[in-house]
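The values are calculated or read from the model by the stated rules, or taken from the named source; none is laboratory data. Computed from a prediction, not measured in an experiment: that's the story for all the values here. Every residue, glycine as well, gets a Cβ built from its backbone with ideal geometry; the counts of neighbours run over all protein chains shown. Surface areas here come from the heavy atoms of the whole protein model, side chains and all, with no ligands, DNA or RNA. Shrake-Rupley method; radii C 1.70, N 1.55, O 1.52, S 1.80 Å.
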Amino acid sequence: MGRSRRTIPEELLLLALDPTTGTTAQPQSLDLGLAGAQLVELALAGRIAPDGDRIAVVMPRPTGDPTLDSALELLRRRGSPVRAVHWIGGPRLGLRQTYLSHLERCGMVHAVAGQMCGVLPTTRYQATDTAISREIRARLDSAIRTGVPPDQRTAALAALAHAVGLGKHLYPGNEGRSSRSRLRDLIRHDPMGGLVAHAVMDVQNGVAAQPRRSSAPAGRQSAVPAQPRRSSMARAVAH
(Lines give C-alpha, C1' and ligand atoms only; values in the text may rest on other atoms or scores of the structure.)
Protein backbone atom coordinates (compact mmCIF):
# COMPACT_ATOMS: atom_id res chain seq x y z
CA MET A 1 0.00 0.00 0.00
CA GLY A 2 1.74 3.15 -1.13
CA ARG A 3 1.39 6.67 0.20
CA SER A 4 -0.55 7.91 -2.86
CA ARG A 5 -3.81 7.32 -0.98
CA ARG A 6 -4.63 8.50 2.50
CA THR A 7 -6.00 5.84 4.80
CA ILE A 8 -9.38 6.11 6.50
CA PRO A 9 -7.81 6.43 9.99
CA GLU A 10 -5.71 9.34 8.72
CA GLU A 11 -8.73 11.04 7.18
CA LEU A 12 -10.85 10.52 10.29
CA LEU A 13 -8.18 12.14 12.44
CA LEU A 14 -7.77 15.07 10.04
CA LEU A 15 -11.54 15.59 10.15
CA ALA A 16 -11.42 15.70 13.95
CA LEU A 17 -8.47 18.10 14.08
CA ASP A 18 -9.59 21.65 14.85
CA PRO A 19 -7.59 24.03 12.63
CA THR A 20 -7.96 26.87 15.15
CA THR A 21 -7.05 25.18 18.41
CA GLY A 22 -4.86 22.35 17.13
CA THR A 23 -6.75 19.88 19.30
CA THR A 24 -8.98 16.97 18.32
CA ALA A 25 -12.74 16.82 18.81
CA GLN A 26 -14.23 13.86 20.70
CA PRO A 27 -10.79 12.65 21.92
CA GLN A 28 -12.08 9.71 23.97
CA SER A 29 -14.35 8.16 21.35
CA LEU A 30 -11.84 9.01 18.61
CA ASP A 31 -9.51 6.24 19.81
CA LEU A 32 -12.35 3.77 19.28
CA GLY A 33 -13.11 5.24 15.88
CA LEU A 34 -9.50 4.96 14.78
CA ALA A 35 -9.42 1.29 15.82
CA GLY A 36 -12.56 0.77 13.73
CA ALA A 37 -11.11 2.73 10.84
CA GLN A 38 -8.12 0.40 10.82
CA LEU A 39 -10.46 -2.55 10.38
CA VAL A 40 -12.21 -0.88 7.45
CA GLU A 41 -8.90 -0.01 5.79
CA LEU A 42 -7.57 -3.54 6.24
CA ALA A 43 -10.79 -4.91 4.76
CA LEU A 44 -10.47 -2.62 1.74
CA ALA A 45 -6.89 -3.85 1.34
CA GLY A 46 -8.14 -7.46 1.29
CA ARG A 47 -6.36 -8.43 4.52
CA ILE A 48 -9.42 -9.10 6.67
CA ALA A 49 -13.09 -9.85 6.06
CA PRO A 50 -16.24 -9.85 8.18
CA ASP A 51 -17.45 -13.22 9.45
CA GLY A 52 -20.85 -12.43 10.91
CA ASP A 53 -20.07 -9.93 13.67
CA ARG A 54 -16.47 -11.14 13.80
CA ILE A 55 -13.35 -10.15 11.90
CA ALA A 56 -11.18 -12.80 10.25
CA VAL A 57 -7.72 -12.43 8.74
CA VAL A 58 -7.79 -13.71 5.16
CA MET A 59 -4.37 -12.49 3.98
CA PRO A 60 -1.66 -11.84 6.60
CA ARG A 61 0.74 -10.22 4.13
CA PRO A 62 1.79 -6.73 5.37
CA THR A 63 0.32 -3.65 3.71
CA GLY A 64 3.43 -1.51 4.04
CA ASP A 65 1.70 0.88 6.44
CA PRO A 66 3.31 0.39 9.88
CA THR A 67 0.25 1.31 11.94
CA LEU A 68 -2.07 -0.91 9.91
CA ASP A 69 0.42 -3.75 9.89
CA SER A 70 0.69 -3.61 13.68
CA ALA A 71 -3.09 -4.07 13.91
CA LEU A 72 -3.02 -6.82 11.29
CA GLU A 73 -0.34 -8.72 13.22
CA LEU A 74 -2.32 -8.46 16.45
CA LEU A 75 -5.38 -9.83 14.66
CA ARG A 76 -3.31 -12.66 13.14
CA ARG A 77 -1.98 -13.65 16.55
CA ARG A 78 -5.52 -14.12 17.82
CA GLY A 79 -5.65 -17.27 15.69
CA SER A 80 -9.43 -17.13 15.25
CA PRO A 81 -11.98 -14.49 14.23
CA VAL A 82 -12.58 -11.84 16.89
CA ARG A 83 -15.76 -9.89 17.54
CA ALA A 84 -15.51 -6.34 16.25
CA VAL A 85 -16.79 -4.90 19.54
CA HIS A 86 -14.16 -6.80 21.52
CA TRP A 87 -11.38 -5.68 19.19
CA ILE A 88 -12.42 -2.03 19.20
CA GLY A 89 -13.12 -1.98 22.92
CA GLY A 90 -9.96 -3.85 23.88
CA PRO A 91 -7.01 -2.36 25.78
CA ARG A 92 -5.60 -0.68 22.68
CA LEU A 93 -6.26 2.95 23.49
CA GLY A 94 -3.75 5.67 22.61
CA LEU A 95 -4.33 5.37 18.87
CA ARG A 96 -5.06 9.09 18.62
CA GLN A 97 -1.52 9.98 19.69
CA THR A 98 -0.09 7.14 17.61
CA TYR A 99 -1.76 8.53 14.51
CA LEU A 100 -0.87 12.15 15.32
CA SER A 101 2.77 11.08 15.49
CA HIS A 102 2.27 9.06 12.30
CA LEU A 103 0.81 12.07 10.46
CA GLU A 104 3.69 14.20 11.72
CA ARG A 105 6.24 11.72 10.32
CA CYS A 106 4.34 11.75 7.01
CA GLY A 107 4.50 15.54 6.92
CA MET A 108 0.71 15.97 7.07
CA VAL A 109 0.72 17.81 10.42
CA HIS A 110 3.33 19.56 12.51
CA ALA A 111 3.54 19.72 16.30
CA VAL A 112 3.43 23.05 18.11
CA ALA A 113 4.76 23.03 21.67
CA GLY A 114 3.11 25.24 24.26
CA GLN A 115 2.13 25.53 27.89
CA MET A 116 -1.13 25.34 29.79
CA CYS A 117 -1.51 27.95 32.53
CA GLY A 118 2.09 28.90 31.86
CA VAL A 119 3.34 25.70 33.50
CA LEU A 120 2.11 22.42 32.01
CA PRO A 121 3.68 21.52 28.65
CA THR A 122 1.22 20.91 25.83
CA THR A 123 1.46 19.86 22.21
CA ARG A 124 -0.96 20.99 19.53
CA TYR A 125 -1.05 19.85 15.94
CA GLN A 126 -1.62 21.94 12.84
CA ALA A 127 -2.27 20.56 9.38
CA THR A 128 0.59 21.37 7.02
CA ASP A 129 -1.73 21.47 4.01
CA THR A 130 -5.23 22.67 4.81
CA ALA A 131 -6.31 21.83 1.26
CA ILE A 132 -6.21 18.13 2.24
CA SER A 133 -8.63 18.67 5.12
CA ARG A 134 -10.87 20.77 2.89
CA GLU A 135 -10.95 18.04 0.26
CA ILE A 136 -11.93 15.39 2.84
CA ARG A 137 -14.66 17.64 4.21
CA ALA A 138 -15.89 18.46 0.69
CA ARG A 139 -16.44 14.76 -0.03
CA LEU A 140 -18.66 14.43 3.03
CA ASP A 141 -20.50 17.66 2.23
CA SER A 142 -21.15 16.48 -1.31
CA ALA A 143 -22.54 13.15 -0.15
CA ILE A 144 -24.78 14.89 2.37
CA ARG A 145 -26.10 17.66 0.12
CA THR A 146 -26.47 15.89 -3.21
CA GLY A 147 -27.92 12.61 -1.97
CA VAL A 148 -25.75 10.77 -4.50
CA PRO A 149 -24.45 7.50 -2.99
CA PRO A 150 -20.81 8.09 -2.03
CA ASP A 151 -17.89 5.85 -2.88
CA GLN A 152 -17.05 3.10 -0.41
CA ARG A 153 -14.26 4.98 1.36
CA THR A 154 -16.33 8.14 1.83
CA ALA A 155 -19.30 6.11 3.08
CA ALA A 156 -17.09 4.33 5.65
CA LEU A 157 -15.55 7.64 6.73
CA ALA A 158 -19.01 9.17 7.18
CA ALA A 159 -20.17 6.17 9.22
CA LEU A 160 -17.18 6.43 11.54
CA ALA A 161 -17.47 10.22 11.83
CA HIS A 162 -21.05 9.75 13.00
CA ALA A 163 -20.11 6.90 15.34
CA VAL A 164 -17.52 8.94 17.25
CA GLY A 165 -19.75 12.02 17.46
CA LEU A 166 -18.00 14.28 14.95
CA GLY A 167 -21.36 15.34 13.49
CA LYS A 168 -21.81 18.13 16.02
CA HIS A 169 -18.22 19.25 15.37
CA LEU A 170 -18.60 19.29 11.59
CA TYR A 171 -22.20 20.54 11.45
CA PRO A 172 -22.87 22.41 14.70
CA GLY A 173 -26.03 24.01 16.04
CA ASN A 174 -29.63 23.84 14.95
CA GLU A 175 -28.68 24.76 11.41
CA GLY A 176 -26.56 21.65 11.17
CA ARG A 177 -29.26 19.28 12.42
CA SER A 178 -30.35 18.06 8.98
CA SER A 179 -26.73 17.56 7.90
CA ARG A 180 -26.03 15.51 11.02
CA SER A 181 -29.07 13.38 10.26
CA ARG A 182 -27.94 12.77 6.69
CA LEU A 183 -24.40 11.99 7.91
CA ARG A 184 -25.92 9.28 10.09
CA ASP A 185 -27.91 7.92 7.15
CA LEU A 186 -24.74 7.44 5.07
CA ILE A 187 -23.89 4.50 7.33
CA ARG A 188 -26.01 2.22 5.13
CA HIS A 189 -23.86 2.68 2.02
CA ASP A 190 -20.92 0.51 3.15
CA PRO A 191 -21.60 -2.79 4.96
CA MET A 192 -18.15 -3.07 6.54
CA GLY A 193 -18.13 0.59 7.56
CA GLY A 194 -21.60 0.19 8.98
CA LEU A 195 -20.70 -2.93 10.95
CA VAL A 196 -17.64 -1.26 12.44
CA ALA A 197 -19.43 2.02 13.14
CA HIS A 198 -22.17 0.18 15.02
CA ALA A 199 -19.46 -1.68 16.95
CA VAL A 200 -17.89 1.65 17.94
CA MET A 201 -21.25 2.91 19.20
CA ASP A 202 -21.94 -0.38 20.98
CA VAL A 203 -18.62 -0.11 22.85
CA GLN A 204 -19.49 3.42 23.94
CA ASN A 205 -22.93 2.26 25.09
CA GLY A 206 -21.55 -0.73 26.99
CA VAL A 207 -23.12 -3.29 24.66
CA ALA A 208 -19.77 -5.04 24.14
CA ALA A 209 -20.06 -6.57 27.60
CA GLN A 210 -23.35 -8.27 26.75
CA PRO A 211 -23.60 -11.72 25.14
CA ARG A 212 -24.61 -11.59 21.50
CA ARG A 213 -27.51 -13.96 22.14
CA SER A 214 -29.35 -15.03 25.27
CA SER A 215 -27.50 -18.36 25.36
CA ALA A 216 -24.97 -17.56 28.07
CA PRO A 217 -23.67 -20.63 29.93
CA ALA A 218 -25.58 -21.51 33.07
CA GLY A 219 -24.21 -19.99 36.24
CA ARG A 220 -22.38 -17.24 34.39
CA GLN A 221 -23.77 -13.75 34.36
CA SER A 222 -22.97 -10.95 31.96
CA ALA A 223 -21.26 -7.87 33.34
CA VAL A 224 -24.20 -5.85 32.01
CA PRO A 225 -27.82 -6.99 32.50
CA ALA A 226 -29.24 -8.65 29.42
CA GLN A 227 -31.45 -6.44 27.27
CA PRO A 228 -34.59 -7.59 25.47
CA ARG A 229 -33.29 -6.43 22.11
CA ARG A 230 -30.12 -7.12 20.17
CA SER A 231 -27.32 -4.61 19.86
CA SER A 232 -27.32 -2.18 16.97
CA MET A 233 -24.37 -4.00 15.45
CA ALA A 234 -26.17 -7.34 15.54
CA ARG A 235 -29.15 -5.72 13.82
CA ALA A 236 -26.85 -4.31 11.15
CA VAL A 237 -25.35 -7.73 10.50
CA ALA A 238 -28.78 -9.32 10.27
CA HIS A 239 -29.94 -6.98 7.51
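Observations on the structure shown:
- Amide hydrogen proximity for R83: with H placed 1.01 Å from N in the peptide plane, the residues at 5 or more positions away or on another chain lying under 5 Å are I55.
- Label-to-label distance for K168 and R77 is 3.7 nm, based on points extended 7 Å past Cα in the beta-carbon direction.
- A cut-off under 13 angstrom between Cβ atoms defines the neighbours of T123, and their net charge, with Lys, Arg +1 and Asp, Glu -1, is +1.
- Of interest is the spacing of the C-alpha centroids, which for segment 110-151 and segment 153-200 amounts to 16 Å.
- Residues whose amide H comes within less than 5 Å of that of D51, counting only those at least five positions distant or on another chain, are A56 (H built at 1.01 Å from N in the peptide plane).
- A Cβ-based charge dipole, computed about the Cα centre of segment 1-121 with Lys and Arg at +1 and Asp and Glu at -1, lands at about 380 debye.
- 1.4 Å probe accessible area per residue over segment 1-92, in Å²: 42 Å²
- Check: segment 56-175 dipole with +1 on Lys, Arg Cβ and -1 on Asp, Glu Cβ, in debye: 360 debye
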